[in-house]
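Some notes on the structure that comes next.
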Amino acid sequence: MTQQGAVLQGYNNELVKCIEDLCMQKEELNKQIQQAEEEKNKLQHEIQILSEQLECVCENLAQKVASRNELDKILAETEAAYMKILDSSRTLLNVLKKEVGSLKHTPELKTN
């Protein structure tokens, strides 16, 4: 009976050791889980900050593109108006040259 008690005691000791090993594994796993959750929360926070920054950059970009498009429109209209002014100036100059040329052929200007 003593021998059976010793065997039983050996089994009990091994069982207790296995349970302790499992508890230590569980504690280690809990630490890893906690670290992973902290890292996940940190990354989610960084993602939120980056998402907000991206939204601001996108809004700013959209405003700048709209401003550029408006400037392109104004520039095109201004260039078109300037070309009309140049064309009108050329026409005016040609008419003026023609008038001055015809005035030189009048007798009154030849005597002066």
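The values are calculated or read from the model by the stated rules, or taken from the named source; none is laboratory data. Remember, predicted model here, so these are calculated numbers, not experimental data. Cβ sites come from the backbone with ideal geometry, for glycine too, and all protein chains shown count toward neighbours. In case anyone asks, the SASA skips ligands and DNA or RNA and just uses the protein heavy atoms, side chains included. Shrake-Rupley method; radii C 1.70, N 1.55, O 1.52, S 1.80 Å.
Over the chain, with the other protein chains present, what is the accessible area per residue in square angstrom, probe 1.4 angstrom?
I get 95 Å² per residue for this part.
Working out 0.36 nm times the residue gap between E28 and D87, then minus their Cα-Cα distance, what length gain in nm do you get to one decimal?
My answer for the length gained is 12.6 nm.
Subtract the Cα-Cα distance of L75 and Q9 from 0.36 nm times their separation in residues, and report this length gain in nm to one decimal.
Difference between extended and current length: 14.1 nm.
Where Rh denotes the Kirkwood radius from the mean inverse Cα pair distance, what is Rg over Rh for the stretch 39-90?
1.54
Ignoring ligands, DNA and RNA, what percent of the 1.4 Å accessible area of the stretch 30-112 is carbon and sulfur?
60 percent
With point charges of +1 on the Cβ of Lys and Arg and -1 on the Cβ of Asp and Glu, referenced to the Cα centre of the chain, which listed residue (Q63, H45, S89) lies farthest in the positive direction of the dipole?
So the residue we want is S89.
Which whole-percent values make up P(r) of the stretch 1-49 when all C-alpha to C-alpha distances are grouped in 10 Å steps starting at zero?
Bin by bin from 0 Å, the calculated values are 23, 23, 18, 14, 11, 7, 3, 0.
What's the angle, to the nearest 10 degrees (0 to 90), between helix 2-104's Cα axis and the longest principal axis of the chain?
The angle comes out at about 0 degrees.
What are the extents of the Cα atoms of the chain along their three principal axes, listed from largest to smallest and rounded to whole Å?
158, 16, 16
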